[in-house]
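Please read the structure below before turning to the comments.
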Amino acid sequence: YLREFTSHSLQHPDGWGLAVFYNDAVNLEKEPISAANSVYLRERLRHKIVAQNMVGHIRLASRGSLSYENSHPFVQNDDSKRTWTLIHNGTIFDSQILDAYKTVQEGQTDSERIHCYIVDCMNQLMKTLKHKPNSEERFLLLDKIVQEIAPHNKLNIAFSSCFWFLQ
């Protein structure tokens with residue numbers, strides 16, 4: 001599948017990334033170049049990747065420069081140490097809700113702002129509930145968030161979370 005993933009980078013040449021989930025960690029691998037031109041990725045794919053889960057993204061930039069910070073996926077922990085990972089295709093044209101995150105994000109993409117907003121909302125939900133939200137509570141919040149930011153925007157996202165007890 002990853003070799004097929006690489007072949008699609010000819011139409012999406014502005015970066016690639018993988019979030020590979022292992023027992024107690026997420027390994028983030030990404031570059032702001034075409035996956036087809038990446039020496040690192042070519043070497044990485046010479047060996048079998050064994051993981052619990054993995055998400056991948058190839059980028060066609062519409063916002064933000066070609067840089068590591070703007071390449072997907074984005075990975076961030078919430079206040080409960082749950083790891084949230086996001087990839088997004090499309091462009092958010094207008095969103096006052098997301099504009100507030102321009103000052104806290106590392107890169108310049110609308111996709112990273114979506115990610116920051118979702119993690120912030122999860123943190124707020126935990127404070128409101130006074131406990132870690134269960135899967136249904138998290139899903140209802142994600143549904144609400146998508147409805148808030150999607151009416152006039154393209155919102156094609158893959159979002160996942162993992163939780164590990166850290167020692």
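The values are calculated or read from the model by the stated rules, or taken from the named source; none is laboratory data. Owing to the predicted nature of the structure, the values given are computational and were not obtained by experimental measurement. We place every Cβ from the backbone using ideal geometry, glycine too, and count neighbours over all the protein chains shown. What goes into the accessible areas is simple: the full protein's heavy atoms, side chains included, and nothing from ligands, DNA or RNA. Shrake-Rupley method; radii C 1.70, N 1.55, O 1.52, S 1.80 Å.
What do you get when you divide the Cα radius of gyration of the chain by 2.2 N^0.38 Å, with N the number of residues?
This ratio for the chain stands at 1.05.
Return one whole number: the accessible area per residue of the chain in Å², for a 1.4 Å probe.
Result: 58 Å² per residue.
Using packing as a proxy for protection, rank 114-121, 47-54 so that the peptide with the highest average count of other Cβ atoms within 10 Å comes first. Walk me through the numbers before you get to the answer.
Details: 114-121: 21.4, 47-54: 10.5.
Taking the mean over residues of other Cβ atoms within 10 Å, the ranking is 114-121, 47-54.
Using Cα-Cα distances under 8 Å and only pairs 6 or more residues apart, what relative contact order does the chain have, in percent?
22
With all protein chains present, how much of the accessible area of region 72-143 (probe radius 1.4 Å) comes from carbon and sulfur, to the nearest whole percent?
Working: 1810 of 3690 Å².
Carbon and sulfur: 49 percent of the exposed surface of region 72-143.
Cα-based Rg of region 23-73 per 2.2 N^0.38 Å, rounded to two decimals?
1.25
Please state the charge dipole magnitude for the chain, taken about the Cα centre, from unit charges on C-beta atoms (+1 on K and R, -1 on D and E), reported in debye and rounded to the nearest 20.
With only Lys, Arg, Asp and Glu charged at Cβ, the dipole is about 360 debye.
How about residue 81: which lysines have a C-alpha closer than 21 Å to its C-alpha, ignoring those fewer than 8 places off in the same chain?
127, 130, 132
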